[in-house]
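So the structure is just underneath, and the comments pick up after that.
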């Protein structure tokens, strides 16, 4: 199977006033073509954040995301 999506050490930090909130802390995964994935977790665990980054609506603070071996982070610049 071919590698479809790969996340390497993703971090997302939001600033809320004087406080920094870490929504993602070093998330890494590989998704192969044909695999089925469920994003599951409690409120505030980063589900929407990771989906927004994968969908191109947001960019990670740190780390890399690849779709078909092409960097999505470069495309967001």
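Any read-out appearing in this document is the output of simple, stated calculations on the displayed coordinates, not a laboratory observation. The model shown is predicted, which means the values in this text are computed figures rather than measured ones. Cβ coordinates were reconstructed from backbone atoms using ideal geometry, including for glycine residues, and neighbour counts include every protein chain displayed.
Things worth noting here:
- Members of region 30-57 that are touching a residue at least 12 places away in the same chain (Cβ under 8 Å) and outside any loop (DSSP other than H, G, I, E, B): 30, 31, 32, 49, 50, 51, 53, 54
- All conditions but one from (1) closer than 14 Å to residue 5 by Cα; (2) surrounded by 12 or more Cβ atoms within 10 Å (Cβ to Cβ); (3) more than 9 Å from the chain's Cα centre (by Cα) apply to residue 37; the one that does not is (2).
- Restricting region 1-29 to residues that are assigned to a loop (DSSP other than H, G, I, E, B) and touching a strand residue (DSSP E or B) at 6+ places or on another chain (Cβ under 9 Å), the residue that is nearest to residue 68 (Cα to Cα): 2
- All conditions in (1) assigned to a loop (DSSP other than H, G, I, E, B); (2) surrounded by 13 or more Cβ atoms within 10 Å (Cβ to Cβ); (3) over 10 Å from the mean Cα position of the chain (by Cα) hold for residue 60, with the sole exception of (3).
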